[in-house]
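Okay, structure first, notes after.
The values are calculated or read from the model by the stated rules, or taken from the named source; none is laboratory data. Please read all numbers here as calculations on a predicted model, not as lab measurements. Positions of Cβ are backbone-derived with ideal geometry, glycine not excepted, and every protein chain shown enters the neighbour counts. Heavy atoms of the whole protein, side chains included, go into the accessibility calculation; ligands, DNA and RNA do not. Shrake-Rupley method; radii C 1.70, N 1.55, O 1.52, S 1.80 Å.
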Amino acid sequence: AMRARMALRLAEIKCEIREVRLSNKPDHMLEVSPKGTVPILILEDKVIDESIDIVNWVIKSSNIFSNTLNSDQRDLTESLIKKFDDDFKYHLDRYKYATRYKNADSDVHKAECLKILIHLEAIASENKWIFGGKLSKLDISILPFIRQFRIANPEWFDSLRQIQKIKKILKNYLDSEDFKKIMLKYDEWELGSDPVYFP
């Protein structure tokens with residue numbers, strides 16, 4: 001849900017936020033999105049229940065990123081987001097939660113994640129963000145996954161020499177005011193709760 005929140009914050013699109021526990025999914029949540037995952041964005045005319053689709057809807061609704069990327073960078077953005085959503089996330093889950101998966105070798109999946117990050121390192125700029133000095137769709141879409149990878153073993157991650165640019169870009173993200181705002185904790189929503197708004 002982090003990248004969806006970030007997009008909504010950058011666009012200053014105000015919405016009611018309902019914090020839920022996935023171990024206690026409200027009936028209304030399952031009615032609007034039977035697959036029962038978060039985030040879910042309920043609009044007047046449709047329901048969007050994939051985080052990257054929420055990001056794309058926000059970008060279409062409000063130009064939150066200046067059009068400084070060339071066509072190659074735009075194509076690369078889409079292919080890298082797909083790589084992280086499919087491959088990186090697959091290995092990340094089996095690295096962090098190896099006991100949940102039959103015959104999963106945590107070290108093997110950690111190594112596969114690192115391979116993807118080393119590939120990203122070769123692409124990343126020396127500047128503040130992946131494509132330079134301006135935050136882009138790619139940054140907000142994949143940095144939450146890289147953050148999760150670091151959380152699994154911060155000391156090991158911080159000692160890596162092969163991804164110095166990625167570590168710096170991640171730190172810029174974690175230190176940003178926007179990140180701190182999207183990470184605010186909310187009380188769990190219950191039927192009858194007063195509305196709470198984000199951002």
List the number of the failed condition for Gln164; all other conditions in (1) farther than 30 Å from Asn24 by Cα; (2) without any contact (Cβ under 8 Å) to a residue 12 or more places away in the chain; (3) open to solvent by 60 Å² or more (accessible area, probe 1.4 Å) hold. (2)
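Residues in segment 76-94: is at least one in a loop (DSSP other than H, G, I, E, B), under 28 Å from Glu188 (Cα atoms) and basic (Lys, Arg)?
So the first thing to find is which residues in segment 76-94 are in a loop (DSSP other than H, G, I, E, B), and the list is none.
Looking through segment 76-94, none of the residues is in a loop (DSSP other than H, G, I, E, B), under 28 Å from Glu188 (Cα atoms) and basic (Lys, Arg).
Name the single residue, out of those in segment 16-41 being among the hydrophobic types (A, V, I, L, M, F, W, C) and over 19 Å from the mean Cα position of the chain (by Cα), that is most open to solvent (accessible area, probe 1.4 Å). Walk me through how you get there before you give the answer.
Filtering segment 16-41 for residues among the hydrophobic types (A, V, I, L, M, F, W, C) gives 17, 20, 22, 29-30, 32, 38, 40-41.
Of the ones still in play, those that are also over 19 Å from the mean Cα position of the chain (by Cα) are 29-30, 32.
On the way: Met29: 16, Leu30: 66, Val32: 46 Å².
If we take residues in segment 16-41 being among the hydrophobic types (A, V, I, L, M, F, W, C) and over 19 Å from the mean Cα position of the chain (by Cα), then Leu30 is most open to solvent (accessible area, probe 1.4 Å).
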Of all residues making up segment 102-149, the number that are in a loop (DSSP other than H, G, I, E, B) and either open to solvent by less than 30 Å² (accessible area, probe 1.4 Å) or not charged (D, E, K, R) (or both): 10
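Going through segment 55-75 one residue at a time, which ones are without any contact (Cβ under 8 Å) to a residue 12 or more places away in the chain, part of a helix (DSSP H, G or I) and farther than 20 Å from Leu120 by Cβ? Outline the logic, then answer.
Applying the first criterion (without any contact (Cβ under 8 Å) to a residue 12 or more places away in the chain) to segment 55-75 yields 56, 60, 63, 67, 70-72, 74-75.
Then drop every residue that is not part of a helix (DSSP H, G or I), which leaves 56, 60, 71-72, 74-75.
Hits for segment 55-75 are Asn56, Lys60.
On the basis of being open to solvent by 60 Å² or more (accessible area, probe 1.4 Å), over 20 Å from Leu10 (Cα atoms) and touching a strand residue (DSSP E or B) at 6+ places or on another chain (Cβ under 9 Å), does Glu155 make the cut?
Working: open to solvent by 60 Å² or more (accessible area, probe 1.4 Å): yes; over 20 Å from Leu10 (Cα atoms): yes; touching a strand residue (DSSP E or B) at 6+ places or on another chain (Cβ under 9 Å): no.
When the stated conditions are applied, Glu155 does not pass them.
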Kindly establish whether Glu50 is open to solvent by 90 Å² or more (accessible area, probe 1.4 Å) and free of Cβ contacts under 8 Å to residues at least 24 places away in the same chain. no
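Restricting segment 167-199 to residues that are of a type in the set (Ser, Thr, Tyr) and within 22 Å of Pro26 (Cα to Cα), which is most open to solvent (accessible area, probe 1.4 Å)? Reasoning before the result, please.
Looking only at segment 167-199, we keep the residues that are of a type in the set (Ser, Thr, Tyr), and these are 173, 176, 186, 193, 197.
Okay, now just the ones that are also within 22 Å of Pro26 (Cα to Cα), so 186, 193, 197.
Working: Tyr186: 56, Ser193: 47, Tyr197: 119 Å².
Checked segment 167-199; the qualifying residue most open to solvent (accessible area, probe 1.4 Å) is Tyr197.
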